1. So which of 195, 203, 253, 186 is surrounded by 12 or more Cβ atoms within 10 Å (Cβ to Cβ) and either charged (D, E, K, R) or not assigned by TED's automatic domain parsing to the domain that holds residue 145 (or both)?
2. Only residues that are touching a residue at least 12 places away in the same chain (Cβ under 8 Å) and either assigned to a loop (DSSP other than H, G, I, E, B) or touching a strand residue (DSSP E or B) at 6+ places or on another chain (Cβ under 7 Å) (or both): list them for region 53-62, please.
3. Note down all Cβ pairs under 6 Å where the first residue falls in region 109-131 and is crowded, with 17+ Cβ neighbours inside 10 Å, the second is among the aromatic types (Phe, Trp, Tyr), and they're at least six residues apart or on different chains.
4. Being in contact with a strand residue (DSSP E or B) (Cβ under 7 Å, 6 or more places away or on another chain) and surrounded by 14 or more Cβ atoms within 10 Å (Cβ to Cβ), is that true of even one residue in region 45-52?
5. Take residue 107 and decide whether it is more than 19 Å from the chain's Cα centre (by Cα), among the hydrophobic types (A, V, I, L, M, F, W, C) and in a helix (DSSP H, G or I).
6. Hey, which of the helices (runs of 4 or more DSSP H) in region 145-262, taking only ones fully inside, have at least 3 residues that are in contact with a helix residue (DSSP H, G or I) (Cβ under 8 Å, 6 or more places away or on another chain) and either of a type in the set (A, V, I, L, M, F, W, C) or at pLDDT below 90 (or both)?
7. Considering only residues that are in a loop (DSSP other than H, G, I, E, B) and under 13 Å from residue 138 (Cα atoms), look in region 32-45 and name the one that is modelled with the lowest pLDDT.
8. Looking at region 132-152 only, could you name the residues that are crowded, with 23+ Cβ neighbours inside 10 Å, in contact (Cβ under 8 Å) with a residue 40 or more places away in the chain and hydrophobic (A, V, I, L, M, F, W, C)?
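The values are calculated or read from the model by the stated rules, or taken from the named source; none is laboratory data. In this text, all values refer to a predicted model and were calculated from it rather than measured experimentally. Neighbour counts run over all protein chains shown; Cβ positions are idealised from the backbone, glycine included.
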Amino acid sequence: MLDNGGPVAIKTFDNPTGTRPLALWFVVQCNMAGWESRGSGLFRGQIHRFEPILKTRNSRDSVAVAHWCDNGDSRLDLLPTSNAEEATATLERVLTPVLSDNLQDRAGELALEQTLQLIIDETRSLSPEPVPVLIFLYGDYSGMPKAEADHIVDELLATAVIAYGLKDSRSPGIWLIGEQAEVAHYVARETGGVYLKLARGNYATGLTQILRQLDSRYELGFQPEALDGKRHKLTVKLTDAAKKEHTGVRLRYRLAYVPTQR
């Protein structure tokens, strides 16, 4: 393991499954007229596909719902619960209204940031504190000034958050100059998650893939040299002997972390 390019001594190496619960936060954008394929609208009427999978989760894990809107609305719609039916019903309820598309990007950017902060604060209030997992159901046709996107990511990297996303294959991509495009993709990549593009009938397959990754993860622990509050680049590599023994293995890990005092 390398911290800003320098090797660090690994102090712990654990499979945390069964020792620390997960809080699965489904995060969506308000459904906006004419924006269905670029936001979260394509998931409307399809949330029931997730319910059978969520019902099989470990009873210690929980599921929650949050949303943001480009009118500035930011809300935790359902706090962590073991009730999968309540979670899917809440998601559908959030996606049912169709808002006017005459909304403001700036208000939406601030609302997204606020929603993620609310999730972090709620997670820290729980005991035992679960691992917060963000699952965006979102086409991610988005952009944001790079400094603001980095601020969001830095706040998440100072926690144990792992972000993932599901995107309908009909949703368009976006490319921008001078801004961070696909902000949710950026959050997922930096925190060690993935963003999957799926056909409508395969949404459940994507969620299953995400949960399998979470259940098979390992945690490496080390002592930072300084709690400086700055983003540190992380690199995790297999030893030469491990590469020979496990050919074809692909490591996925968060690309950075921010050491701070809690």
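1. After applying the criteria, what remains is 253.
2. Selection gives 54, 55, 57, 58, 59, 60, 61, 62.
3. From residues that are crowded, with 17+ Cβ neighbours inside 10 Å, the pairs are 111/68; 112/68; 115/68; 119/25.
4. Within region 45-52, none of the residues are in contact with a strand residue (DSSP E or B) (Cβ under 7 Å, 6 or more places away or on another chain) and surrounded by 14 or more Cβ atoms within 10 Å (Cβ to Cβ).
5. Considered against the rule, which asks whether it is more than 19 Å from the chain's Cα centre (by Cα), among the hydrophobic types (A, V, I, L, M, F, W, C) and in a helix (DSSP H, G or I), residue 107 comes out as yes.
6. Once the helices (runs of 4 or more DSSP H) in region 145-262 are filtered for at least 3 residues that are in contact with a helix residue (DSSP H, G or I) (Cβ under 8 Å, 6 or more places away or on another chain) and either of a type in the set (A, V, I, L, M, F, W, C) or at pLDDT below 90 (or both), what remains is 146-157, 203-215.
7. Quick first cut of region 32-45, residues in a loop (DSSP other than H, G, I, E, B) only: 33-40, 44-45.
Imposing the further condition that a residue be under 13 Å from residue 138 (Cα atoms) reduces the set to 35-40, 44.
On the way: 35: 89, 36: 93, 37: 95, 38: 94, 39: 95, 40: 97, 44: 96.
Once the filter is applied, the top-ranked residue is 35.
8. 133, 134, 135, 136, 137 - these are the residues of region 132-152 that are crowded, with 23+ Cβ neighbours inside 10 Å, in contact (Cβ under 8 Å) with a residue 40 or more places away in the chain and hydrophobic (A, V, I, L, M, F, W, C).
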